[in-house]
Amino acid sequence: MPLIRVTLLQGRTPQEVAALGRALTAAAHEALGAPAEAVRVIVEDTPPDRWFVGGRSVAERRTSPS
């Protein structure tokens with residue numbers, strides 16, 4: 001049973017997350033031959049103040065890009 005974990009910045013709509021889950025399930029089914037019913041997808045939302053790029057949080061980078 002494939003397990004796919006995805007971490008995203010918060011802010012996606014429920015429809016976008018659902019579309020991603022469906023697309024990842026289909027990709028695992030196609031690439032691995034796993035039955036779609038056996039594919040598990042976990043989507044974790046991370047707040048911008050907990051996601052860092054170059055030592056600065058995304059929240060900081062959004063308020064002062066430099």
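The values are calculated or read from the model by the stated rules, or taken from the named source; none is laboratory data. The shown structure was predicted, so the numbers you read here are calculated from the model rather than taken from an experiment. Here the Cβ is made from the backbone with ideal geometry for all residues, glycine too, and neighbour counts use every protein chain on show. Calculation scope for accessible area: heavy atoms of the full protein, side chains included, ligands and nucleic acids excluded. Shrake-Rupley method; radii C 1.70, N 1.55, O 1.52, S 1.80 Å.
Values computed for the structure shown
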quantity: Degrees, to the nearest 10: 14-32 long Cα axis against longest axis of the chain; calculated: 50
quantity: Theoretical gain in end-to-end length, ALA23 to ARG56 [0.36 nm per residue, Cα-Cα removed]; calculated: 8.8 nm
quantity: Residue list for region 1-24, given a label point 7 angstrom along the Cα-to-Cβ vector of THR46 and an amide N cut-off under 18 Å; calculated: 4-13, 17
quantity: Cut-off 17 Å (backbone N to label point 7 Å along Cα→Cβ of VAL6), residues of region 27-66; calculated: 27-32, 36-47
quantity: Solvent-accessible area, 1.4 Å probe, carbon plus sulfur percent, for the chain; calculated: 56
quantity: Top of VAL43, VAL53, VAL17 by mean-square fluctuation, Gaussian network on the chain, Cα under 10 Å; calculated: VAL53
quantity: Solvent-accessible area per residue, Å², over the chain with all protein chains present [probe radius 1.4 Å]; calculated: 72
quantity: Average Cα contact separation per residue, the chain, under 8 Å, 6 or more apart, as relative contact order %; calculated: 40
quantity: Projected-area average for the chain over all orientations - Cα convex hull basis, square nanometres; calculated: 5.5
